[in-house]
Structure formats: C-alpha cells, structure tokens
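Everything on this sheet refers to the single structure shown next.
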C-alpha cells in the first residue's frame, strides 16, 4: 500500500495556505506552521498588509483551488492605473486593450483568512499557529520550532519541507546558518506604511472606484486600491530619513504640510490628526537574495 506523502510548510500566508490546499487535494498530508497568531481569532497586524492586485495567474491559482467564486465578493475590478499629477489631473492607463483585461483588488488580510478557512475544511491539513521556526535539518526533513506563548520547543518532520515564510524567511536563514545556501539581506532606504481612506457618508467612493490610483513623485509615491465597502487602502512609499522622509512627519502639522505640498488632491481624503498620525509613521522593509551554498546540499 502506497504511503501518503507528508509535507511540512513553514508560513501560513496566502502562498503557504494556497499551496497546502492544492497539495492536500493531490493526496498529501500537510502540517502548516505559522509564527503569528491565527488571524481568524486575533486582530490583523495594522499598517503592513499592502492590499493585493490579482492578475490572470493569481486568479487561475484560486480557481484551481476551487476558491475563486468564494472570493469574488471580496474583489473590486481595476481597469487601469489612474495617475495623479500635482494639479490633481492625470490619465487613466488601461491594463489591456480589451474590456475583460482587468485586474482585481483584494484585501490581503481577507484573502489570507479565506484561504485559512478553506484549509481548515480539509482533514489532510493540520495548522499550528504561534510556532516560530528555529532550525531545519534539510537531509532529515526536520523543522525545529518554538512556541511563541510559552517558549516550549518541538520538532515537525516531513518528506518535504517548504519555506513560504516571506522575505524575512526564518527557514532560509536556518539553511544559511548551516551553510546550505548563501543569503544576504539589505535594508532599503525607503519604507512603506499603509493607511485607510474612508468611504464618504453613505458609502460613496472618495476616488474613482475601478482603478489603481498612483501619485508618482519621483523618489516616492502613494498608491490606493479600492475595497468593496467604498474605502481605499493606501500605501505611502517614502524614504526613511531626510526632509521628504518618514522621520520628518513627526507631527500632524508636518504631515498635513507634506500632503498639501506633494499630494494635494489626496489630502481631502485623508484625516490627519494626532490620533491618526501613527498611520503614516514609518515601517521597515527589506530585500533578500539567496544562492547556492555547499555542493551537494
């Protein structure tokens, strides 16, 4: 009798959960390890999600997992990029030449929860949250983990171990520590921070709804993606330091002056106050590269 392949996946973000669903439906037994708490029962991390734009490949992946129609109500069609000049004008640049050539905006947090809910419906998937990857033994398929709550440690095994834990991958770092590969991480000079542009009274859109809005400003930019409730998720990409940097936006007055000078047509959509100021404080980001290590590993 053929044994059931056992696979360990580190990272229960959209990639890890979607992969777990597809492998489980292909007959594999999956253990899904995630450092963070279960997002179905805990508040989402604020300010760091960056909403997603799904093109043909992403939609095909969801359809292959049988989840596309379940997630359709969470999506907003975007037909092109709406540019915003300093004077508030700018063209709409279509994504394609045909009406059906569009992309779909979706909340990353909502997408992740929907995928986790779908994974929980499959008996072949076991999800464990609050477990930090400490080390991996690649030839044995052993992942060592630590409980984020009580500090307890343990081991998960699999015939195959897959890293899906993002740019700051703990599993990749563990492989680098063992000499199995070479990895380099460089901090970017620019950071990003997400904030919400609320819907107008009655749920009306504050901006044209069926577009990805972009305020290009040379060394920095603001983008905004629509949500089904009439709000927009905006992300400001800006240098960490300097006169035009997050460090200079320390007060509501400074933030207001920055938006008035650089993003004047976005200012009426944004409520800048001491209470909302943390929404435009800095957040770090990083770039990582990986290459081969010792031969034979």
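The values are calculated or read from the model by the stated rules, or taken from the named source; none is laboratory data. For clarity, every value in this text was computed on a predicted model and none was experimentally measured. Counting neighbours? That spans all protein chains shown, and the Cβs are built from the backbone with ideal geometry, glycine included.
Kindly establish whether residue 244 is modelled with pLDDT of 90 or more, more than 25 Å from residue 103 (Cβ to Cβ) and touching a strand residue (DSSP E or B) at 6+ places or on another chain (Cβ under 9 Å).
Working: modelled with pLDDT of 90 or more: yes; more than 25 Å from residue 103 (Cβ to Cβ): yes; touching a strand residue (DSSP E or B) at 6+ places or on another chain (Cβ under 9 Å): yes.
Against the criterion (modelled with pLDDT of 90 or more, more than 25 Å from residue 103 (Cβ to Cβ) and touching a strand residue (DSSP E or B) at 6+ places or on another chain (Cβ under 9 Å)), residue 244 qualifies.
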- Task: Give me the pairs, please: first residue somewhere in the range 115-126 and under 14 Å from residue 31 (Cβ atoms), second residue anywhere and assigned to a loop (DSSP other than H, G, I, E, B), beta-carbon distance under 9 Å, and either six or more positions apart or on two chains.
- Result: 119/12; 120/40; 124/4; 124/27; 124/28
- Task: Would you please list the contacts, defined by Cβ atoms under 6 Å and residues six or more apart or on different chains, that run from a residue in the range 163-184 that is touching a residue at least 24 places away in the same chain (Cβ under 8 Å) to a residue that is in a loop (DSSP other than H, G, I, E, B) and surrounded by fewer than 16 Cβ atoms within 10 Å (Cβ to Cβ)?
- Result: 179/293; 179/294; 180/138; 180/293; 180/297; 181/293; 182/293
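Okay, residues lined up against (1) closer than 29 Å to residue 170 by Cα; (2) modelled with pLDDT under 65; (3) touching a strand residue (DSSP E or B) at 6+ places or on another chain (Cβ under 6 Å):
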{"position": "230", "(1), (2), (3)": "no, no, no"}
{"position": "248", "(1), (2), (3)": "no, no, no"}
{"position": "256", "(1), (2), (3)": "no, no, no"}
{"position": "262", "(1), (2), (3)": "no, no, no"}
{"position": "267", "(1), (2), (3)": "no, no, no"}
{"position": "274", "(1), (2), (3)": "no, yes, no"}
{"position": "278", "(1), (2), (3)": "yes, yes, no"}
{"position": "282", "(1), (2), (3)": "yes, yes, yes"}
{"position": "289", "(1), (2), (3)": "yes, yes, yes"}
- Selection over the range 145-168 where residues are over 19 Å from residue 109 (Cα atoms) and in contact with a strand residue (DSSP E or B) (Cβ under 8 Å, 6 or more places away or on another chain) yields a count of 16
- So, of the residues in the range 206-220 that are assigned to a loop (DSSP other than H, G, I, E, B) and in contact with a strand residue (DSSP E or B) (Cβ under 7 Å, 6 or more places away or on another chain), which turns out to be nearest to residue 249 (Cα to Cα)? 220
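What strands (runs of 3 or more DSSP E) lie completely within the range 113-191 and have 1 or more residues being touching a helix residue (DSSP H, G or I) at 6+ places or on another chain (Cβ under 8 Å)? I'd like the intermediate steps shown before the answer.
Numbers: elements: 125-129, 131-137, 142-147, 153-157, 160-163, 181-187.
It comes to 125-129, 131-137, 142-147, 160-163, 181-187.
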